[in-house]
Amino acid sequence: MNPHQQSVRQLEQVADLLRDQYQDSTSFDKAIEQLKSPNKIIEGEIEVEMDDGSTKKLKAFRSQHNNARGPYKGGIRFHHHVSKEEIMALSTWMTWKCAVIGIPYGGGKGGVIVDPKKLSPKELQKLSRAYVEFIANYIGPWVDVPAPDVNTTPQIMAWMIDAYEGYLAENKKPLQENPLATFTGKPLGLGGSAGRTEATGLGGFFVFEKLVKKLGLENKQDVTIAIQGFGNVGYWFAYHAHQSGYKVVAVSDSKGGIYVEAGLDPVKTLADKEEKGSLQGKAITNEELLELDVDILVPAALENVITKDNAANIKAKAILELANGPTSPAADQILADKGIVLVPDVLANAGGVTVSYFEWAQNLQGYYWSKEEVISKLQPLMEDAFEKMWQMKERKQVSGRMATYMTAVKRVVDTMLLRGI
Ligand code: NAD
């Protein structure tokens with residue numbers, strides 16, 4: 001199954017579990033049918049002038065899945081593996097992510113098939129501007145709000161805002177279109193939000209704290225954690241877990257991992273890595289890290305790392321998915337059969353999009369919040385979303401992933417029904 005077919009299959013499974021809650025099952029089924037494909041796909045070729053004077057034609061997409069609950073929201077990725085089916089699926093998952101956390105957005109996603117590592121900074125800027133021209137007619141603060149994703153950065157968002165302002169001026173569209181509120185994940189100096197850098201890891205930590213309580217793990221210092229990935233998300237999650245007194249016993253990066261039985265200090269580990277170029281400590285492989293006998297396993301690097309080949313060997317009591325799509329559907333079933341609790345990506349890593357929502361809200365009002373204020377608003381949203389998922393999981397006796405999707409799909413369908421199908 002390609003990712004789009006996978007997202008449709010998931011939706012059908014969720015719909016089967018929700019249908020009996022709706023008296024008007026015809027309208028319910030119509031809403032589900034509509035949700036199986038994006039409302040709109042913008043698809044075409046963009047032209048980028050290379051430094052040597054030649055022109056490169058690149059395939060570009062923007063998928064707008066559903067906007068019943070608010071403007072489409074989702075990142076733009078520059079990657080040579082981008083496909084239309086992947087972008088469609090990712091936009092669908094953004095609809096569920098925004099719904100489960102309860103922020104007033106629908107789901108969107110964009111992408112360009114390109115290897116950005118082969119582009120010079122000048123070419124990358126031209127690509128970013130060309131992509132904005134391609135989608136300019138379809139975005140805006142109340143329409144569709146893009147953000148960074150794989151290989152796109154705050155700097156790229158800054159170029160995109162500049163290009164969007166140029167488009168508005170050229171087309172005599174009012175600046176009330178608010179270019180700043182049309183993109184999130186911007187640099188702090190250009191309308192970004194305090195707290196965005198650590199938002200995904202910290203949001204995951206708030207969920208983690210609720211999870212350990214549900215699992216009855218009373219003593220923080222005895223709760224062991226293994227984290228795959230020590231980039232932005234993995235580091236900030238590790239930082240907050242360590243600061244709060246939990247025991248981070250293993251972390252890894254693309255070169256491999258380290259295991260420290262007594263628990264490691266993420267700040268020192270990062271400083272050592274920056275100084276020496278790799279993680280310092282008792283070496284383990286990424287495969288070994290995933291199979292460690294720890295309380296909580298946190299995949300925070302890549303997709304599809306827990307598969308049918310290793311799921312049976314996972315020993316953790318629970319998995320907190322901070323990476324997008326780290327668990328394959330076949331592995332999901334094996335983990336559920338083993339009684340391993342799973343908090344899925346659309347909930348666990350939603351801290352990023354939640355602070356993007358705060359960024360948008362700040363841009364719209366032209367009034368900016370302190371980092372403390374941002375964090376104080378993030379925590380209750382993450383905790384409440386986890387609690388709702390847990391209640392659904394207990395009530396319906398389903399997996400954490402299914403409970404999360406049920407909560408999200410129900411919210412979206414209910415809004416669609418309120419509007420009238
Ligand atoms: P990052 O690039 O900062 O870090 C990625 C980490 O993964 C690095 O430590 C890298 O060394 C490691 N890695 C790369 N290849 C690996 C391999 N083969 N085996 C093990 N580790 C490997 O990225 P990030 O922003 O921390 O994102 C991590 C994950 O979280 C991704 O799946 C991303 O989609 C997801 N995510 C990120 C955010 C965000 O706000 N940054 C939001 C939602 C989801």
Next item on the list: Report whether or not Trp369 is open to solvent by 10 Å² or more (accessible area, probe 1.4 Å), within 26 Å of Pro141 (Cβ to Cβ) and touching a strand residue (DSSP E or B) at 6+ places or on another chain (Cβ under 9 Å).
Entry: no
Next item on the list: Identify, from the list Val82, Val8, the residue that is modelled with pLDDT of 95 or more, assigned to a helix (DSSP H, G or I) and either open to solvent by less than 40 Å² (accessible area, probe 1.4 Å) or within 25 Å of Asn151 (Cα to Cα) (or both).
Entry: Val8
Checklist line | Unmet criterion (only one of (1) at pLDDT 95 or above; (2) open to solvent by 30 Å² or more (accessible area, probe 1.4 Å); (3) within 16 Å of the ligand (Cβ to nearest atom)) for Asp222 | finding: (3)
Next item on the list: Go through (1) within 15 Å of Val14 (Cβ to Cβ); (2) over 19 Å from the mean Cα position of the chain (by Cα); (3) free of Cβ contacts under 8 Å to residues at least 24 places away in the same chain and name the single condition Ser376 misses.
Entry: (1)
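Is it fair to say Val132 is buried (at least 23 other Cβ atoms within 10 Å of the Cβ) and either in a strand (DSSP E or B) or of a type in the set (Val, Ile, Thr) (or both)?
Yes, satisfied.
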Checklist line | Among (1) within 16 Å of the ligand (Cβ to nearest atom); (2) touching a Ser or Thr at 6+ places or on another chain (Cβ under 9 Å); (3) part of a loop (DSSP other than H, G, I, E, B), the one test that Leu347 misses | finding: (3)
Checklist line | Positions within the stretch 227-275 being within 14 Å of the ligand (Cβ to nearest atom), open to solvent by 50 Å² or more (accessible area, probe 1.4 Å) and either in a loop (DSSP other than H, G, I, E, B) or touching a Gly at 6+ places or on another chain (Cβ under 9 Å) (or both), in sequence order | finding: Asn232, Trp236, Tyr239, Ser254, Lys255
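Looking only at the stretch 276-302, count how many residues are more than 11 Å from the ligand (Cβ to nearest atom) and part of a strand (DSSP E or B).
Qualifying residue count, the stretch 276-302: 5.
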Note to self: Being open to solvent by 20 Å² or more (accessible area, probe 1.4 Å), among the acidic types (Asp, Glu), modelled with pLDDT of 95 or more and touching a helix residue (DSSP H, G or I) at 6+ places or on another chain (Cβ under 7 Å) is the requirement here; does Glu287 meet it?
What the structure shows: no
Note to self: Checking the conditions here, which among Asp16, Asp29, Asp51 is assigned to a loop (DSSP other than H, G, I, E, B) and at pLDDT 95 or above?
What the structure shows: Asp51
Next item on the list: Hey, can you tell me all the residues within the stretch 65-79 that are basic (Lys, Arg), closer than 18 Å to Trp360 by Cβ and assigned to a strand (DSSP E or B)?
Entry: Lys73
Margin query: With the structure loaded, tell me whether Leu190 is within 30 Å of Ala300 (Cβ to Cβ), touching a helix residue (DSSP H, G or I) at 6+ places or on another chain (Cβ under 7 Å), more than 16 Å from the ligand (Cβ to nearest atom) and free of Cβ contacts under 8 Å to residues at least 60 places away in the same chain or whether it fails that test.
Written below: yes
Next item on the list: Taking Tyr357 as the residue in question, decide whether it is assigned to a loop (DSSP other than H, G, I, E, B) and not β-branched (Val, Ile, Thr).
Entry: no
Checklist line | Answer from Pro179, Pro187 - the residue that is at pLDDT below 95 and open to solvent by less than 50 Å² (accessible area, probe 1.4 Å) | finding: Pro179
Next item on the list: Evaluate the following for Ser252: is it at pLDDT 95 or above and in contact with a strand residue (DSSP E or B) (Cβ under 6 Å, 6 or more places away or on another chain)?
Entry: yes
Notebook entry, point to check: Taking the stretch 155-211 only, how many residues are outside any loop (DSSP other than H, G, I, E, B), polar (S, T, N, Q) and closer than 17 Å to Asn232 by Cα?
Noted result: 2
Next item on the list: Find the residue count for the stretch 143-154, including only residues that are touching a residue at least 40 places away in the same chain (Cβ under 8 Å) and either hydrophobic (A, V, I, L, M, F, W, C) or assigned to a helix (DSSP H, G or I) (or both).
Entry: 4
Margin query: Quick check on Met389: is it surrounded by 22 or more Cβ atoms within 10 Å (Cβ to Cβ) and more than 19 Å from Phe208 (Cα to Cα)?
Written below: no
Next item on the list: Kindly list, by first and then second residue, each pair from a residue in the stretch 276-290 that is in contact (Cβ under 8 Å) with a residue 40 or more places away in the chain to a residue that is within 10 Å of the ligand (Cβ to nearest atom) and of a type in the set (Val, Ile, Thr), limited to pairs with Cβ atoms under 9 Å and residues at least 6 apart or on different chains.
Entry: Leu279/Val251; Asn286/Val305; Leu289/Ile227; Leu289/Val251; Leu290/Val305
Notebook entry, point to check: When you go through Val305, Val341 one by one, which is the residue that is within 15 Å of the ligand (Cβ to nearest atom), over 14 Å from the mean Cα position of the chain (by Cα) and modelled with pLDDT of 95 or more?
Noted result: Val305
Check: Of the residues that sit in the stretch 308-324 and are buried (at least 20 other Cβ atoms within 10 Å of the Cβ) and among the small types (Gly, Ala, Ser), which one is nearest to the ligand (Cβ to nearest atom)?
Finding: Ala323
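The values are calculated or read from the model by the stated rules, or taken from the named source; none is laboratory data. Please read these numbers as outputs of a predicted model, since none were measured by experiment. Cβ coordinates were reconstructed from backbone atoms using ideal geometry, including for glycine residues, and neighbour counts include every protein chain displayed. Surface areas here come from the heavy atoms of the whole protein model, side chains and all, with no ligands, DNA or RNA. Shrake-Rupley method; radii C 1.70, N 1.55, O 1.52, S 1.80 Å.
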